[in-house]
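Report on the structure given below.
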Amino acid sequence: MIDSLCDQAAGKDIAVVGLYCDFLAQQEQSATSMLGAILKQLVNRGEIPGHTRVAFQKAKREFGGRGLRLSEMVEVLKKAIVSLHRIFVCIDALDELAPKYRLEFLESLQEIVQVSSNMRVLLTGRPHIGEEVMEYFNKAVRIPISPTQGDIKSYLEMRLKRDTTPKAMDPQLRADIMRVIPEKISEM
């Protein structure tokens, strides 16, 4: 989907940014670092806007070179986004973000979206965070996506074909994998 958005945005004043939340990197993925990653992708499109440069220089001069605080990052992003015709922000696996950071992140995104009519946000995550997202984005459209047994079987086939130690698996184990995993996922 991001590739498709990027293709459509090519040569236009449209920014597409994407982030993936990683359960194994929860401590590094704070609300501030996530917003910073969005800002970095925007800045990499061209020159660093003056207001962004000033904000970082000011923070750098304070107390041994600290980074921007969350509220400062939100303000810098608001200014950066306003100059764009359109921006698409895609956040994948939001449920993998640590709960304490996820709430700050959603609150910050909400604040930015409220003043940025040119911004569209796509969030993906498992169903259990749907209500949490709706608290911040009550007009959001929810699209539940569930894999079919055929999707799961196709994925398993692909992964089994890429197995680097195929001789470690006998035909019975392979058959069990192809039968049990799609069944169990369908029951979820």
*Restricting attention to the range 154-172, does a residue exist that is in the same structural domain as S33 (by TED's automatic domain parsing) and β-branched (V, I, T)?*
no
*Please verify whether the range 176-184 includes one or more residues that are in a loop (DSSP other than H, G, I, E, B) and either touching a strand residue (DSSP E or B) at 6+ places or on another chain (Cβ under 7 Å) or basic (K, R) (or both).*
no
_Residues that are closer than 21 Å to F137 by Cα, part of a strand (DSSP E or B) and in the same structural domain as E132 (by TED's automatic domain parsing): does the range 26-45 have at least one?_
no
*Within the range 158-170, which residues are assigned to a helix (DSSP H, G or I) and surrounded by 12 or more Cβ atoms within 10 Å (Cβ to Cβ)?*
L160
*Is it the case that the range 105-116 has a residue that's part of a loop (DSSP other than H, G, I, E, B), surrounded by fewer than 18 Cβ atoms within 10 Å (Cβ to Cβ) and either on the phi > 0 side of the Ramachandran plot or in the same structural domain as Y20 (by TED's automatic domain parsing) (or both)?*
no
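Residue-by-condition table, conditions (1) hydroxyl-bearing (S, T, Y); (2) farther than 30 Å from Q110 by Cβ:
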residue	(1), (2)
G130	no, no
K139	no, no
I143	no, no
Q149	no, yes
K161	no, yes
M169	no, yes
L173	no, yes
S186	yes, yes
_Selection within the range 96-121 - within 14 Å of the chain's Cα centre (by Cα) and over 18 Å from N138 (Cα atoms)_ = E96, L97, A98, Y101
*Check L173, L122 and return the single one that is out of contact with any Asp or Glu (no Cβ under 6 Å at 6 or more places or on another chain), surrounded by 12 or more Cβ atoms within 10 Å (Cβ to Cβ) and not small (G, A, S).*
L122
*asked:* Let me confirm something: among R142, R179, which residue is more than 30 Å from V113 (Cβ to Cβ), surrounded by 10 or more Cβ atoms within 10 Å (Cβ to Cβ), charged (D, E, K, R) and free of Cβ contacts under 8 Å to residues at least 24 places away in the same chain?
replied: R179
*asked:* Looking only at the range 73-110, count every residue that is more than 15 Å from S30 (Cβ to Cβ) and in contact with a Lys or Arg (Cβ under 8 Å, 6 or more places away or on another chain) and tell me the total.
replied: 6
_I145 being farther than 29 Å from V89 by Cβ and either part of a helix (DSSP H, G or I) or of a type in the set (A, V, I, L, M) (or both)_ = no
*Any idea which residue in the range 26-63 is modelled with the lowest pLDDT, counting only those that are closer than 27 Å to D92 by Cβ and among the small types (G, A, S)?*
G46
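The values are calculated or read from the model by the stated rules, or taken from the named source; none is laboratory data. These figures come from a predicted structure and were not determined experimentally. Cβ coordinates were reconstructed from backbone atoms using ideal geometry, including for glycine residues, and neighbour counts include every protein chain displayed.
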